[in-house]
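Before any comments, here is the structure.
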Amino acid sequence: MAQQKTVAGDTTPAVWRDIAKYVTTPEYKFGSQLTWMAENDVRILIGTDSGVPGTKFDQLKLSMELYEELGFARGDIIDMVTTGAAEALGIGHKTGDLRVGLAADLLIVAGNPLNDLNCLHRPHRVIVQGVVYSQHDLGDEQS
């Protein structure tokens, strides 16, 4: 996969923690295929099963937590869902990074996700296509 520059798309279910409890055999550890791919230089796109009943579209942060649990560095995880994803999709020249001239939607949180991914559960503001949404606008469905 790495030699052919194949990108693996991971669609982590929101209930991955529940599933992982039942997969106790070391060779079948939940997520082991992800660490194997990373160790073998396969680019991974972090995703979710959004759209499946019971899975909200805002649960990317839960998928990110799986990678943290598997031992991925937080900076690498953030890169995988931003710059890495944009590059893999062929739109890195338009978005995926905070640089002049690139389009960006922003999630503003109290805290630093490089220190604690949990701060992503508590956005203070979100900016989408230049429109600012406050915490009040976002509602109470923050998990």
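The values are calculated or read from the model by the stated rules, or taken from the named source; none is laboratory data. This is a predicted model, so every value here is computed, not measured. When we count neighbours, we look across all protein chains shown, and the Cβ atoms used for this are built from the backbone with ideal geometry, even at glycine.
Rundown of residues vs (1) at pLDDT below 90; (2) out of contact with any Phe, Trp or Tyr (no Cβ under 7 Å at 6 or more places or on another chain); (3) outside the structural domain of Glu39 (by TED's automatic domain parsing), yes/no style:
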{"residue": "Phe72", "(1), (2), (3)": "no, yes, no"}
{"residue": "Ala85", "(1), (2), (3)": "no, yes, no"}
{"residue": "Leu114", "(1), (2), (3)": "no, yes, yes"}
{"residue": "Leu120", "(1), (2), (3)": "yes, yes, yes"}
So, in the stretch 78-95, exactly how many residues are under 11 Å from the mean Cα position of the chain (by Cα) and either over 13 Å from Gly47 (Cβ atoms) or surrounded by fewer than 16 Cβ atoms within 10 Å (Cβ to Cβ) (or both)? 3
Going through the stretch 40-51 in order, the residues found to be touching a Ser or Thr at 6+ places or on another chain (Cβ under 9 Å), at pLDDT below 90 and either surrounded by fewer than 19 Cβ atoms within 10 Å (Cβ to Cβ) or not in a strand (DSSP E or B) (or both) are Gly47, Asp49, Ser50
Output for Cβ contacts, cut-off 9 Å, separation at least six or different chains, first residue free of Cβ contacts under 8 Å to residues at least 40 places away in the same chain in the stretch 26-47, second among the basic types (Lys, Arg) and assigned to a loop (DSSP other than H, G, I, E, B), reads Thr35/Lys29
Which of (1) within 23 Å of Leu66 (Cα to Cα); (2) in contact with an Asp or Glu (Cβ under 6 Å, 6 or more places away or on another chain) does Pro123 not meet, given it meets every other one? (2)
Mind listing whichever residues of the stretch 17-41 are small (Gly, Ala, Ser) and on the phi < 0 side of the Ramachandran plot? Ala20, Ser32, Ala38
Filtered residues of the stretch 1-22 (kept if assigned to a loop (DSSP other than H, G, I, E, B), at pLDDT below 80 and of a type outside the set (Gly, Ala, Ser)): Pro13, Val15
